[in-house]
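This report concerns only the one structure given below.
Only the coordinates and a few stated rules stand behind these numbers; no lab work does. As the structure is a computational prediction, the values presented were derived from the model and not from experiment. Here the Cβ is made from the backbone with ideal geometry for all residues, glycine too, and neighbour counts use every protein chain on show.
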Amino acid sequence: MKRVLHLGLTLCAGVSAVACSQQGRAPEVFQSESASLTEIPTNSDTRIVLTLTAQQRLHVLEEMNRFLLSTQEIVEGLSSDHPELVQSALADSLGRNQGQSYSQGLMKGALPPEYRQMRSAMKQEFKKVETLSKSGADSTEILVQLSSTLMYCQSCHGTYQI
Ligand code: HEC
């Protein structure tokens, strides 16, 4: 558990100390009496904004919902002892059979390298879940690895908005 926590903190530190430290806390607004209304920030969400077209945004959100669905199926597969469900969910979240939209096509150049690095680091973590599942590891061990995978979701969500 300590290892997992450490990973999350390292990610936060490496990626966006500001976004992580301010997560869940609205920044204080110091307002002098002479400050005009236009100087008051209306949006306290300090995460980096990714500028995408409507179609690209939809693509990202679809991928996200696939990640969430896969996560649910992995947990269901582990709790009901169905490794085949775990493995088919992992194949979905790893995006096999979905073309290369991030290196070519719709998403080419749309997302900063740091975002793509975080996304591929998360996929590496999912691959470790898959390796464990295929080698017949017990559910507890797989859950520990899943938990460390989910730290990447959290870290990216703390850093970016679209
Ligand atoms: C590399 C960055 C990154 C990673 C990794 C990531 N996400 Fe996201 N996710 C985003 C961004 C950016 C948004 C949009 C957030 C916003 O604008 O508020 C988002 C939004 C979502 C949404 C909302 C979708 C909707 O339809 O509104 C879900 C659900 C989600 N992510 C699930 C996950 C899960 C589960 C994981 C991990 C297994 C994950 N994400 C990993 C970047 C990421």
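Quick notes on this structure:
- Backbone N under 15 Å from the Ser44 label point (7 Å along Cα→Cβ), restricted to the stretch 126-162: none
- Here r is the Cβ-Cβ distance between Thr140 and Glu62 and R0 is 30 Å; the resulting FRET efficiency, rounded to 0.05, is 0.40.
- With the simple model of a label 7 Å out from the Cα in the direction of the Cβ, Lys108 to Ser79 spans 4.3 nm.
- Rounded to the nearest 0.05, the FRET efficiency derived from the C-beta distance between Gln161 and Ser88 at R0 = 41 Å is 0.85.
- Which of Asp92, Asp81 has the fewest Cβ neighbours within 10 Å, and the rest in rising order: Asp81, Asp92
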